[in-house]
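Everything below concerns the one structure shown next.
No value in this document is a laboratory result; all are computed from the given coordinates. Please read these numbers as outputs of a predicted model, since none were measured by experiment. Here the Cβ positions follow ideal geometry from the backbone for every residue, glycine too, while neighbour counts run over all protein chains shown.
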Ligand SMILES: Cc1cc2nc3c(=O)[nH]c(=O)nc-3n(C[C@H](O)[C@H](O)[C@H](O)COP(=O)(O)O)c2cc1C
């Protein structure tokens, strides 16, 4: 696998110009967990970017039933990749099938690249964030303050985990 620096340059997280409410919620992102020899991407459209403990952070919300969650658990690093609009179909595919029984890399044709801390980015991306897990928790239904959240999103009672990653590297195309 080629190194990401062949195609991308590092940037400072606090210099990014994305409106991340739009980029995450409408454009979607590809969350990739695992390492060079075993990794898997899944589409995510819930999340946030911000600051915690004086670090730039990305916050993701992942159901434990995802195969990606299984690969997130044992590894410190995960990545978030944002794509140009023409890759919408790739994101649809990665959000429709599971890596448990599909090779999403082969199916979509996207090209994985190795980040500095051995996370996986993609050559076709327009922005890649390498993140180190620094906090996680399971959403607690007792803390839902709106009456319909549980019924609307959790009829199966499988609650999202929130995973906070320190943004350790930010990559923009050369
Ligand atoms: C647009 C879109 C956004 C999604 N956002 C999330 C999300 O934020 N969190 C999550 O747990 N699943 C989300 N999903 C669902 C996963 O991408 C989907 O279940 C995927 O097949 C999981 O793949 P995996 O089993 O290979 O991990 C989203 C799906 C789509 C299509």
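The alpha carbon centroids of region 10-53 and region 133-174 are separated by 13 Å. With neighbours defined as other Cβ atoms within 10 Å of a residue's Cβ, the residues 77, 105 order from fewest to most as 105, 77.
Given a Förster radius of 45 Å and the C-beta distance between residue 86 and residue 116 as r, what FRET efficiency does 1/(1 + (r/R0)^6) yield to the nearest 0.05? All intermediate terms of the calculation are to be shown ahead of the outcome.
Numbers: r = 27 Å, r/R0 = 0.61.
Approximately 0.95, to the nearest 0.05.
Stretched out straight at 0.36 nm per residue, the stretch from residue 146 to residue 106 would grow longer than its current Cα-Cα span by 10.3 nm.
Here region 10-36 is scanned for amide nitrogen atoms under 11 Å from the site 7 Å beyond the Cα of residue 51 along Cα-to-Cβ, giving 14. When each of 90, 97 is scored by the number of other beta-carbon atoms lying within 10 Å, the sequence from fewest to most is 97, 90. Remark: 59, 24 ranked as 59, 24, counting other beta-carbon atoms within 10 Å and listing the fewest first. With each label modelled as a point 7 angstrom along the Cα→C-beta vector, the residue 35-residue 174 pair spans 2.7 nm. Applying 1/(1 + (r/R0)^6) with r as the Cβ-Cβ distance of residue 136 and residue 21 and R0 = 25 angstrom yields a FRET efficiency of 0.65. Using only alpha carbons, the chain has a radius of gyration to Kirkwood radius ratio (Rg to Rh) of 0.95.
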